[in-house]
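What follows is calculated from the coordinates using simple rules that are stated; it is not laboratory data. Everything quoted here is computed from the prediction, not taken from an experiment. A quick note on method: Cβ atoms are made from the backbone with ideal geometry, for glycine too, and the neighbour counts reach across all protein chains shown.
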Amino acid sequence: MVALSDSREHSRNVARVAQIKEYQKAFDLYYSDTGHYPMFGSGATATMCLGDYLDNACWANGTGNLERTAIPTAITPHYLGMIPAGEDIMFGQGGGTEYEGMIYIHQNYGKAYTIRYFMEGNDKDCLLDKTTATNTGDDTLCTLVVES
């Protein structure tokens, strides 16, 4: 049973990274056309959920950030066919705060962005370049930073 559980965990981790790669492609195409990555508002930095969540919120305890129309408006359907459903798995359990889904942070007025996501289990490889990993509760927090 443990092997099956580990296999499912690995499959979900790989699927999560594949989804992030699709977002990265869409963001790169958007950048090529507009000269900046998708932004919310006019601020230097803003945080948004990546994904379509049933409760329209994600991250810290499942309520830390709201879904914004900025990402879907910017990249669908021209760069990405549709926004994938957000995960309802709570990550980081045992570490105080629990986290749901993935977040996108535009920085430097759209000249850079960060994606934060989790891999199930401690000490996992984040499977993407330019990514740092930190154990958070029972899982691995991955932080991907992309600059133009």
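A few remarks follow.
- Only one residue of 93, 57, 75 has its Cα farthest out toward the positive end of the dipole of the stretch 55-148, where Lys and Arg carry +1 and Asp and Glu -1 on Cβ, and that residue is 75.
- Inter-label distance, residue 93 to residue 129: 3.6 nm, where each label sits 7 Å from its Cα along the C-beta direction.
- Taking the longest Cα principal axis of the chain as reference, the axis of helix 2-34 is set at about 10 degrees.
- Dipole magnitude for the chain: about 420 debye, using +1 per Lys or Arg Cβ and -1 per Asp or Glu Cβ, origin at the Cα centre.
- Alpha-carbon Rg/Rh ratio, for the chain, with Rh computed the Kirkwood way: 0.96
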